[in-house]
Structure formats: structure tokens, C-alpha cells
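A.B. asks: Have a look at this one.
The values are calculated or read from the model by the stated rules, or taken from the named source; none is laboratory data. None of these values were measured; they are calculated from a predicted model. Counting neighbours? That spans all protein chains shown, and the Cβs are built from the backbone with ideal geometry, glycine included. Just the protein is used for accessible areas: all its heavy atoms, side chains included, with ligands, DNA and RNA removed. Shrake-Rupley method; radii C 1.70, N 1.55, O 1.52, S 1.80 Å.
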Amino acid sequence: LALLAAGLVAILQVRLFAASLAFREGRAAAGAKTPAGWAAALEGYDAARQWLAPIGPDWRVEFYRARAFDALGRKTEALAAYGEDMVRNPSNAVTHYNRGTVLQAMGRLDEAAADYHDALRVNPWDVSSAVNLAVTRGLQGRRGEARRVLEAALVRSPSSAEAHLNLGVLAWYDGDLAAARASLERGLQIDPGNAQGRAILDRVRRGLRP
């Protein structure tokens, strides 16, 4: 029995080592941020997944598989991989945010908003999730809710250019040009290189409507 146990431990160690190598190769390939790089990364992650199959999935492998699927435009597979990740690591705000962006890109706005809410529940200082939640609600015509989300985000992160700029866009759509100008100018003070924000501010200054 002792020999059998030792043999099983050795096999386990080999599998973990092989999975680790494959995972690292995937991460290295993903660094290229090209379609070929993402495809090679996915091969590495899938190899790691196969090595881990008798042991059980690793949430990190699923997380990075999902990112590779998303980068390759394979949204449905990305959602499935993020789902596997969430089963094993439900308190990862980044996973909720990333899945929200996939759902948003697919036009599934209520589901995206639910993920952004979950990300904020885990990490209330997650400005990116707050901004995307506001954008999602804005797209649904729920501008009052979007404004409240951004205002709450700015209480926690007053230096968020993204939040200021999006608050300005909401005010512009509401016809409040003075508030739009103030928020846009504040956002551009923080992020002066934001070309889209500067173009909208120019329209606001000229009194143009959306």
C-alpha cells in the first residue's frame, strides 16, 4: 500500500508539473496579443486542462481560457469558461466584470448588468464595473440609474476620468449642457488625451445636441 500511495503521489506530481508548464506556455503565447498568439495560448490552456482532468479543474486555467476565447471572438465558449471559473472562484470581481463585457458585446444587457452588480458587490471600488453598469443602463434608457451608479463611483474614486466623462455624456443626453460641460472638462483634466471625450466636449461647447 505504501508503494501504491507513493506511485500515485508521483503520478500526481508529474501531472501538476506538466499542467504548470502548459499553462505557462499559454500565458507566454498570450503576451503577443495577436490572433495567432491567442490561438497558441488556448492550445496551452487546453493542454493544462487535460493534464488536470483526473485531478479536477483549476479556476485559473478556465479564467485564461475564457480570455483567449473572448479575444478570438468566440463569445459563447468564453461564457462557458467564465462559468466554470465562477463555480470554483465565485468571489473574483474580475471574472464577473469580464463576463459582463462578453454579455454586453452580445447585447444581453440585463445579464451583463447582473455581472457588473456582482463585481461591485465583491469590490465596491471597481470603477470599471461601475462605468460599464452605467453604460449598460444608459443603453437601456435607464439614465437615472446610470447617473446614480456613476455618482456613487465618484464618491469612492473621484479621480476616475472614465466616470466623469460618462457622467458628462449622460448630462448631455439629458439636455443639461452646463452639467455636461463641467463633467467632461473635469474628466479631460484627468485624462487630457481622451480624444472621444474631447470631441463630445467640443459639441457641448457649441450647444449641439446628441
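A.B. asks: Given region 142-192, what helices (runs of 4 or more DSSP H) lie entirely inside it while holding 1 or more residues that are out of contact with any Leu (no Cβ under 6 Å at 6 or more places or on another chain) and closer than 18 Å to Gly207 by Cβ?
C.D. replies: 161-173, 177-190
A.B. asks: So which residues in region 81-112 are surrounded by fewer than 20 Cβ atoms within 10 Å (Cβ to Cβ) and under 17 Å from Arg142 (Cβ atoms), if there are any at all?
C.D. replies: Gly107, Arg108, Leu109, Asp110, Glu111
A.B. asks: Related question: Is it the case that Val61 is in contact with a helix residue (DSSP H, G or I) (Cβ under 6 Å, 6 or more places away or on another chain) and farther than 18 Å from Asp115 by Cα? Full working, then the answer.
C.D. replies: Values: in contact with a helix residue (DSSP H, G or I) (Cβ under 6 Å, 6 or more places away or on another chain): yes; farther than 18 Å from Asp115 by Cα: yes.
Criteria met by Val61.
A.B. asks: Taking Ala163 as meeting all but one of (1) under 30 Å from Val61 (Cβ atoms); (2) crowded, with 24+ Cβ neighbours inside 10 Å; (3) among the hydrophobic types (A, V, I, L, M, F, W, C), write down the number of the exception.
C.D. replies: Condition not satisfied by Ala163: (1).
A.B. asks: Name the pairs: first residue in region 113-125 and over 15 Å from Leu154 (Cα atoms) and open to solvent by 30 Å² or more (accessible area, probe 1.4 Å), second residue modelled with pLDDT of 95 or more and of a type in the set (S, T, N, Q), Cβ to Cβ under 6 Å, at least 6 apart or on different chains?
C.D. replies: Here the result reads none, with nothing in region 113-125 linked to a residue that is modelled with pLDDT of 95 or more and of a type in the set (S, T, N, Q).
A.B. asks: Checking Ala78 against (1) open to solvent by less than 30 Å² (accessible area, probe 1.4 Å); (2) under 27 Å from Val14 (Cβ atoms); (3) not hydroxyl-bearing (Ser, Thr, Tyr), only one condition comes out false. Which one?
C.D. replies: Status for Ala78: all satisfied but (2).
A.B. asks: Step by step: first the residues of region 42-69, then only those that are over 22 Å from Val102 (Cβ atoms) and not in a helix (DSSP H, G or I), then the one that is least open to solvent (accessible area, probe 1.4 Å). Which residue is that?
C.D. replies: Here is the first cut: in region 42-69, the ones over 22 Å from Val102 (Cβ atoms) are 47, 50-56.
Keeping just the survivors that are not in a helix (DSSP H, G or I) gives 53-56.
Working: Ala53: 75, Pro54: 91, Ile55: 78, Gly56: 24 Å².
Step by step, filter region 42-69, then rank; the result is Gly56.
A.B. asks: All but one of (1) more than 17 Å from Gly138 (Cα to Cα); (2) surrounded by 14 or more Cβ atoms within 10 Å (Cβ to Cβ); (3) over 27 Å from the mean Cα position of the chain (by Cα) hold for Ile190; which doesn't?
C.D. replies: Ile190 satisfies every listed condition except (3).
A.B. asks: Here's another thing I want to ask about it. Would you check if there is a residue in region 114-129 being within 14 Å of the chain's Cα centre (by Cα) and of a type in the set (Phe, Trp, Tyr)?
C.D. replies: Looking for residues that are within 14 Å of the chain's Cα centre (by Cα) and of a type in the set (Phe, Trp, Tyr), one finds at least one in region 114-129, hence yes.
A.B. asks: Something else: Answer yes or no: is there a residue in region 126-137 that is within 30 Å of Lys75 (Cα to Cα) and in contact with a Lys or Arg (Cβ under 7 Å, 6 or more places away or on another chain). Lay out the reasoning, then the answer.
C.D. replies: First, pick out the residues of region 126-137 that are within 30 Å of Lys75 (Cα to Cα): 126-137.
Of the ones still in play, those that are also in contact with a Lys or Arg (Cβ under 7 Å, 6 or more places away or on another chain) are none.
Taking every residue of region 126-137 in turn, none turns out to be within 30 Å of Lys75 (Cα to Cα) and in contact with a Lys or Arg (Cβ under 7 Å, 6 or more places away or on another chain).
A.B. asks: Look through region 197-210, keep the residues that are of a type outside the set (Lys, Arg) and touching a residue at least 24 places away in the same chain (Cβ under 8 Å), and return whichever of them is surrounded by the fewest Cβ atoms within 10 Å (Cβ to Cβ). So that I can check it myself, show each step before the final result.
C.D. replies: Step one: of region 197-210, the residues of a type outside the set (Lys, Arg) are 197, 199-202, 204, 207-208, 210.
Right, trim to touching a residue at least 24 places away in the same chain (Cβ under 8 Å) and you get 197, 200-201, 204, 207, 210.
Working: Gly197: 24, Ile200: 21, Leu201: 21, Val204: 25, Gly207: 7, Pro210: 11.
My answer is Gly207.
A.B. asks: Quick check on Ala152: is it out of contact with any helix residue (DSSP H, G or I) (no Cβ under 8 Å at 6 or more places or on another chain) and either touching a residue at least 60 places away in the same chain (Cβ under 8 Å) or among the aliphatic types (A, V, I, L, M) (or both)?
C.D. replies: Working: out of contact with any helix residue (DSSP H, G or I) (no Cβ under 8 Å at 6 or more places or on another chain): no; either touching a residue at least 60 places away in the same chain (Cβ under 8 Å) or among the aliphatic types (A, V, I, L, M) (or both): yes.
Answer is no for this residue.
A.B. asks: Could you grab me the full set of residues in region 125-140 that are outside any helix (DSSP H, G or I) and out of contact with any Asp or Glu (no Cβ under 9 Å at 6 or more places or on another chain)?
C.D. replies: Filtering region 125-140 down to residues outside any helix (DSSP H, G or I) leaves 125-126, 140.
Of everything in region 125-140, those that are outside any helix (DSSP H, G or I) and out of contact with any Asp or Glu (no Cβ under 9 Å at 6 or more places or on another chain) turn out to be Trp125, Asp126.
A.B. asks: Right, here's the next one. For region 22-38, enumerate the residues that are loosely packed, with under 15 Cβ neighbours inside 10 Å and not charged (D, E, K, R).
C.D. replies: Scanning region 22-38 gives Ala28, Gly31, Ala32, Thr34, Pro35, Ala36.
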